[in-house]
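Structure, as structure tokens:
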Amino acid sequence: MCMKRKKWFLSLTAVGLCIIFLAMYFIFGNPLHYKVIEKDTSDYLHTIKGYKQKEIQSITGKYTPLYNIGYYATVVYKDEPYFTYSYTYDNNKKIIQDNGILGRHTESFGNLNLNWLLFDELVEGIHTNLEEKGLSEKRDYSIRSVQFIDIDNDKNGAEAYVNFKKDKESDYSYRMNSEGKAYQYNCSNGKCIYKEK
């Protein structure tokens, strides 16, 4: 009787472990494929797009079972650390850029003649503005994203969204004034404890 219970328990344990491993595989994918898409994305960026290694901050392989995406790589460029670009495979197993970010490395907007210096000036202005208030980028805030006010036009300037570590609920946006200085344009939601007057 005891032997039957032991075999039944071992069988149930084996089935349970198989279910757990299959669920983990479905949720996280095969970690070996992370390295494959990282390498394929790196090859694409270096050989086809002509990027140098020093221009790329990081390439990270990931997996999602959602939306039939599967494996993809996130890329952060050194000159735009506040953007995360996404690359995946197309139907022919070739790497393509797959996101809706409008940044200087967005391939589908390469034909637009946009003034990307507006992004750099705004980011630098935000750092200057917040450092004057005694805040540090690493300790107190981070720039979440930067975009043109008009999505495909630079005439009206750029806008940046900033996250503050002590006020995560609030949404802060910054723009440049006519004197070329960054100022807080808006704060909504949350307590807005860093709201400028």
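Restricting 117, 112 to residues that are within 22 Å of residue 57 (Cα to Cα) and of a type in the set (A, V, I, L, M) narrows the list to 117.
Contact map, segment 176-187: residues that are closer than 14 Å to residue 156 by Cα paired with residues that are at pLDDT 85 or above and of a type in the set (D, E, K, R), Cβ distance under 6 Å, separation 6+ or inter-chain. Pairs shown: 185/175.
Results for (1) at pLDDT 90 or above; (2) not in a strand (DSSP E or B), shown as yes or no for each residue.
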{"position": "33", "(1), (2)": "no, yes"}
{"position": "40", "(1), (2)": "yes, yes"}
{"position": "44", "(1), (2)": "yes, yes"}
{"position": "76", "(1), (2)": "yes, no"}
{"position": "87", "(1), (2)": "yes, no"}
{"position": "91", "(1), (2)": "no, yes"}
{"position": "102", "(1), (2)": "no, yes"}
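Checking every residue in segment 157-170 against the condition of being on the phi > 0 side of the Ramachandran plot and either assigned to a helix (DSSP H, G or I) or not assigned by TED's automatic domain parsing to the domain that holds residue 61 (or both) gives at least one match. Residue 53: at pLDDT 75 or above, of a type outside the set (A, V, I, L, M) and in contact with a Pro (Cβ under 9 Å, 6 or more places away or on another chain), yes or no? Answer is no for this residue. Residues in segment 122-146 that are surrounded by 13 or more Cβ atoms within 10 Å (Cβ to Cβ), among the charged types (D, E, K, R) and either within 18 Å of residue 180 (Cβ to Cβ) or free of Cβ contacts under 8 Å to residues at least 60 places away in the same chain (or both): 137, 140.
Going by the structure shown, is residue 194 farther than 15 Å from residue 121 by Cβ, of a type outside the set (Lys, Arg), under 19 Å from the mean Cα position of the chain (by Cα) and modelled with pLDDT of 85 or more? In short, no. Which condition number does residue 64 fail, the rest of (1) in contact with an Asp or Glu (Cβ under 8 Å, 6 or more places away or on another chain); (2) modelled with pLDDT under 85; (3) polar (S, T, N, Q) being met? Only one criterion in (1) in contact with an Asp or Glu (Cβ under 8 Å, 6 or more places away or on another chain); (2) modelled with pLDDT under 85; (3) polar (S, T, N, Q) is unmet by residue 64, namely (1).
The values are calculated or read from the model by the stated rules, or taken from the named source; none is laboratory data. As the structure is a computational prediction, the values presented were derived from the model and not from experiment. No Cβ is skipped: glycine too gets one built from the backbone with ideal geometry, and neighbour counts run over all protein chains shown.
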